Amino acid sequence: MIQDLDQRARTIFRQIVEAYLTTGEPVGSRTLSRQLTESLSPASIRNVMADLEESGLLYAPHTSAGRLPTEMGLKLFVDGLLEIGTLSESDRKEIEISCHATGKSMPEALGEVTSLLSGLSACASVIVTPTLESPLKHIEFVPLGPGRALVVLVTDDGQVENRVVDVPMGVPAATLVTAGNFLSARLVGRTLAQAQQVIATELATRKHELDELTQKVISAGVGVWSEGGGQLIVRGQGQLLNNISAIEDLERIRSLFATLETYENMQQLVTATRQADGVKVFIGSQSGLFQHAGCAMVVSPLQGANKNVIGAIGVIGPARLNYARIVPLVDYTARMLRQVVNPAE
């Protein structure tokens, strides 16, 4: 659609959107006439604005107010007119240092990178962590207390994933060892996806060889993978509370909090980025990710060793994001993280 606009319409449309991203305020024809390098009367500008409104790219929040971009108009601007900025050397170094920090587990490293992205973007940031795709070499149950155990998974390439699971109360340590040995014998050399079917079949056919308590512990260990293996890490929710100027803004942020807290909602990001070539921008309720208008997300896929999508990282906030800065931030962070989740490359 952007190619259907003549140069004058593009210029006026760009000015309105850029003003909105900077101030959040509607822009009127008189203001535009003073800002444009081309000499145009307020009446001529109003005619162009009326055409843009009719096309669904602008709307008037009040009867006599200026114009603001619609969700469609904002998405059109981001996809076709946005001039992407470049990262500073200090931003690049911070991201590289965070991504290549040694001595940390995978969840710790990913959590630290997500916190850094939140700070650099001044927004909330999220990451749907990758599932373990490499063949496994070890699984172990570590007792944590009554009714709780830690499942430790180790892959051939050195990745470690820890998950807390519920186990029967009073389960003895020997039962945890037996369950771990049973699973290890069937997991080694297989990925989680491959092992799940094997274990399910074994449990069904060899039930008589395992006592009921051990079966329950094994089922708890297997159940932790049924969600897909990945986890949701969210950092910087407090950033969303900045610059709230109206009740509707507060309601929008509450809706975002609800979205961020749900792993299933965020899993949609992984699905949505599977066909993406680099960074993808979702704006408003039309994206299917948000319940209300006025929200946006800039997200990039996390790729595995074979360039298949295994997770996603992004920034989420109000639609009035600083896209020119955030798009390259997310893109560079995702590219650096690929080296973390694929250490053999």
Query raised in the report: Any idea which of S90, S39, S98 is assigned to a loop (DSSP other than H, G, I, E, B) and either open to solvent by 60 Å² or more (accessible area, probe 1.4 Å) or closer than 30 Å to V160 by Cα (or both)?
Result: S39
Requested in this report: Would you be able to say whether some residue in the range 176-185 is under 30 Å from G238 (Cβ atoms) and either open to solvent by 30 Å² or more (accessible area, probe 1.4 Å) or modelled with pLDDT under 80 (or both)?
Outcome: no
Query raised in the report: Checking A50 against (1) among the aliphatic types (A, V, I, L, M); (2) closer than 21 Å to L76 by Cα; (3) crowded, with 16+ Cβ neighbours inside 10 Å, which test does it fail?
Result: (3)
Requested in this report: Please give the number of the condition A50 fails out of (1) without any contact (Cβ under 8 Å) to a residue 24 or more places away in the chain; (2) not in a helix (DSSP H, G or I).
Outcome: (2)
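Quick one: in the range 228-243, of everything that is modelled with pLDDT of 70 or more and in a loop (DSSP other than H, G, I, E, B), which residue is surrounded by the fewest Cβ atoms within 10 Å (Cβ to Cβ)?
Of everything passing the filter in the range 228-243, N242 is surrounded by the fewest Cβ atoms within 10 Å (Cβ to Cβ).
Can P61 be described as closer than 30 Å to V154 by Cα and either in contact (Cβ under 8 Å) with a residue 24 or more places away in the chain or in contact with a Gly (Cβ under 9 Å, 6 or more places away or on another chain) (or both)?
On the way: closer than 30 Å to V154 by Cα: no; either in contact (Cβ under 8 Å) with a residue 24 or more places away in the chain or in contact with a Gly (Cβ under 9 Å, 6 or more places away or on another chain) (or both): yes.
Against the criterion (closer than 30 Å to V154 by Cα and either in contact (Cβ under 8 Å) with a residue 24 or more places away in the chain or in contact with a Gly (Cβ under 9 Å, 6 or more places away or on another chain) (or both)), P61 does not qualify.
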Requested in this report: Confirm whether S44 is open to solvent by less than 30 Å² (accessible area, probe 1.4 Å) and among the hydroxyl-bearing types (S, T, Y).
Outcome: no
Query raised in the report: Which pairs have Cβ atoms under 7 Å, sit 6 or more apart or on different chains, and link a residue in the range 190-214 that is modelled with pLDDT under 75 to one that is among the β-branched types (V, I, T) and surrounded by 12 or more Cβ atoms within 10 Å (Cβ to Cβ)?
Result: L192/T131; Q196/V222
Query raised in the report: Only one of (1) open to solvent by 60 Å² or more (accessible area, probe 1.4 Å); (2) under 22 Å from L136 (Cβ atoms); (3) at pLDDT 80 or above fails for M169. Which number is that?
Result: (2)
Query - Among the residues listed as L329, L269, the single one being in a helix (DSSP H, G or I) and at pLDDT 85 or above - result: L329
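Checking the structure you have, find out if any residue of the range 67-79 is assigned to a helix (DSSP H, G or I) and closer than 24 Å to V340 by Cβ. Let's see the steps before the verdict.
Our first condition is that a residue be assigned to a helix (DSSP H, G or I); within the range 67-79, this holds for 71-79.
After this cut, where a residue has to be closer than 24 Å to V340 by Cβ as well, the list is none.
No, every residue in the range 67-79 fails to be assigned to a helix (DSSP H, G or I) and closer than 24 Å to V340 by Cβ.
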Query raised in the report: Which one of these does N162 not meet: (1) open to solvent by 50 Å² or more (accessible area, probe 1.4 Å); (2) closer than 20 Å to L232 by Cβ; (3) touching a Ser or Thr at 6+ places or on another chain (Cβ under 6 Å)?
Result: (3)
Report task. Could you please tell me which pairs satisfy a Cβ distance under 8 Å, a separation of 6+ or placement on different chains, a first residue in the range 83-95 that is touching a residue at least 40 places away in the same chain (Cβ under 8 Å), and a second residue that is of a type in the set (D, E, K, R)? Result -> G85/R325
Query raised in the report: Which of the following residues is surrounded by 18 or more Cβ atoms within 10 Å (Cβ to Cβ) and modelled with pLDDT under 85: L136, L117?
Result: L136
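Yes or no, residue by residue, for (1) out of contact with any strand residue (DSSP E or B) (no Cβ under 6 Å at 6 or more places or on another chain); (2) assigned to a helix (DSSP H, G or I); (3) among the hydroxyl-bearing types (S, T, Y):
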| site | (1), (2), (3) |
| --- | --- |
| S118 | no, yes, yes |
| F141 | no, no, no |
| L150 | no, no, no |
| V165 | no, no, no |
| G170 | yes, no, no |
| T178 | yes, yes, yes |
| A200 | yes, yes, no |
| I218 | yes, yes, no |
Query raised in the report: Of the numbered conditions (1) over 28 Å from the mean Cα position of the chain (by Cα); (2) free of Cβ contacts under 8 Å to residues at least 60 places away in the same chain; (3) in a helix (DSSP H, G or I), T22 satisfies every one except a single condition; which is it?
Result: (1)
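The values are calculated or read from the model by the stated rules, or taken from the named source; none is laboratory data. Everything numeric in this text was worked out from a predicted model, so none of it was measured. Note that each Cβ is placed from the backbone with ideal geometry, even for glycine, and that neighbours are counted across all protein chains shown. The area values use the complete protein model at the heavy-atom level, side chains included, leaving out ligands, DNA and RNA. Shrake-Rupley method; radii C 1.70, N 1.55, O 1.52, S 1.80 Å.
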